[in-house]
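Just below is one structure, and these are the notes that go with it.
The values are calculated or read from the model by the stated rules, or taken from the named source; none is laboratory data. Bear in mind the structure is a predicted one, so any value in this text is a computation, not a measurement. Here Cβ is always computed from backbone atoms with ideal geometry, including for glycine, and neighbour counts include all displayed protein chains. Ligands, DNA and RNA are excluded from the accessible area calculation, which covers all protein heavy atoms including side chains. Shrake-Rupley method; radii C 1.70, N 1.55, O 1.52, S 1.80 Å.
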Amino acid sequence: MNMIFLSVLIMLIGGLDKTETGLKFDHSAHAGIRDMECVTCHEEVKVSELSSDRNMPDHEVCSDCHNIEEEPANCEFCHYSPDDPIGLIKPGTELIFSHKGHLKGSFNKGTCISCHIDQEKLAAGLISSNCPVRANCFNCHDGTGASAECSLCHSRVEEMTTLVHEPGWDHEHKFSTDLGGENCIPCHQPETYCSTCHAGDNLVETVHELNYRDSHGLDARNDEILCQTCHEPETFCSSCHAGAGHIPLDHMASDWALPPYAHAEAATQDVETCAACHSSESPVCVNCHFDADGILGTNPPIHPVSIDDLGEGLWHDNPGFQCFSCHVDTRSAGVGFCGYCHGAIE
């Protein structure tokens, strides 16, 4: 579908119907320079519960400050065509929206401009571009702070979807998202909407190509953050790399567990990756690195050979110290770990 045509359709049916007027109005002079509260003119929003409500000031409201009746020649001050003045023409809208529900009694300018962003700075005429854009809604409606369901605000969800997306879109939308997804974001939140289908367990033929189980390690190593937009490493990855016994290719290298001990270098550089599969509460390291006999130098090394002057460390007074994950605290001179430093009593 032509992207310009698509954008027009979204503009027409996907949000607030666009309103053009013959009115001049400078918000920056009212809410900006004079720091007027929005409800000074837009008092109707206090009780407005429908998107079809007008919520715009009329002559009577303007006359509180502007002398309209006595100076009719001043029509051109607000109207582009004073001889044929046109006010607000507001067409119908399919949106479900309540100003009253959003304001919840807080009728100050700061609350209003959280949606009508920078409205107090606008010096332009009263045109459709002054209306909040859909992206502003997602500041709150992100699926966590507030619901991001389309039906919460849109009364014709199926009709909108049919008009905006071509038949077969479910199978073809990947090509649009590959280009950056900018056209998706005005309606959809990637973190919530995409996951309704792409839940993290569908590696074949949907999100990833057929042989992705064999090649995904390259992507995981080059762009781990991208993987984490859909997958939790501690849960998703471990379903294969731990529960099903599938180990990463680098673990099968000849020097992984033998000199020069490639696994030690990998753990030093990125121990968080190790922890994604290997529990920190019952570390796999102690399967090999465990001082079973209490004799110095007879177990697979984990410390540099330069550790020969231990001194009196924290382990003397703390039996829960990390040393005792591998070493047995005998509390006896000349025996086991304590015997490393304390010789047998004569």
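Does at least one position in segment 84-98 carry a residue that is more than 30 Å from CYS153 (Cβ to Cβ) and either under 35 Å from the mean Cα position of the chain (by Cα) or loosely packed, with under 15 Cβ neighbours inside 10 Å (or both)?
yes
Looking only at segment 284-313, which residues are closer than 18 Å to PHE337 by Cβ and either assigned to a helix (DSSP H, G or I) or modelled with pLDDT under 70 (or both)?
Those that are closer than 18 Å to PHE337 by Cβ and either assigned to a helix (DSSP H, G or I) or modelled with pLDDT under 70 (or both): CYS285, VAL286, PRO304, VAL305, ILE307, ASP308, ASP309, LEU310, GLY311.
More than 25 Å from the chain's Cα centre (by Cα) and over 17 Å from CYS194 (Cα atoms) - does that describe any residue in segment 134-157?
Checked segment 134-157: at least one residue is more than 25 Å from the chain's Cα centre (by Cα) and over 17 Å from CYS194 (Cα atoms).
Just give me the residues in segment 133-166 being among the β-branched types (Val, Ile, Thr) and either open to solvent by 40 Å² or more (accessible area, probe 1.4 Å) or free of Cβ contacts under 8 Å to residues at least 24 places away in the same chain (or both), in sequence order.
Residues satisfying the conditions are VAL133, THR144, VAL157, THR161, THR162.
Sort through GLU43, GLU49, GLU60, GLU69 and tell me the only one that's touching a helix residue (DSSP H, G or I) at 6+ places or on another chain (Cβ under 6 Å) and open to solvent by 80 Å² or more (accessible area, probe 1.4 Å).
Exactly one of GLU43, GLU49, GLU60, GLU69 is touching a helix residue (DSSP H, G or I) at 6+ places or on another chain (Cβ under 6 Å) and open to solvent by 80 Å² or more (accessible area, probe 1.4 Å), namely GLU49.
How about segment 266-277: which of its residues are open to solvent by 50 Å² or more (accessible area, probe 1.4 Å) and either more than 29 Å from the chain's Cα centre (by Cα) or among the aromatic types (Phe, Trp, Tyr) (or both)?
If the condition is that a residue be open to solvent by 50 Å² or more (accessible area, probe 1.4 Å) and either more than 29 Å from the chain's Cα centre (by Cα) or among the aromatic types (Phe, Trp, Tyr) (or both), then THR268 is the only one that fits.
Out of everything in segment 219-265 that is aliphatic (A, V, I, L, M) and closer than 22 Å to HIS208 by Cβ, what residue ends up being surrounded by the most Cβ atoms within 10 Å (Cβ to Cβ)?
In this case the residue turns out to be ALA220.
Scan segment 188-201 and tell me whether some residue there is acidic (Asp, Glu), modelled with pLDDT under 70, surrounded by fewer than 15 Cβ atoms within 10 Å (Cβ to Cβ) and under 30 Å from LEU95 (Cβ atoms).
Yes, there is a match, as at least one residue in segment 188-201 is acidic (Asp, Glu), modelled with pLDDT under 70, surrounded by fewer than 15 Cβ atoms within 10 Å (Cβ to Cβ) and under 30 Å from LEU95 (Cβ atoms).
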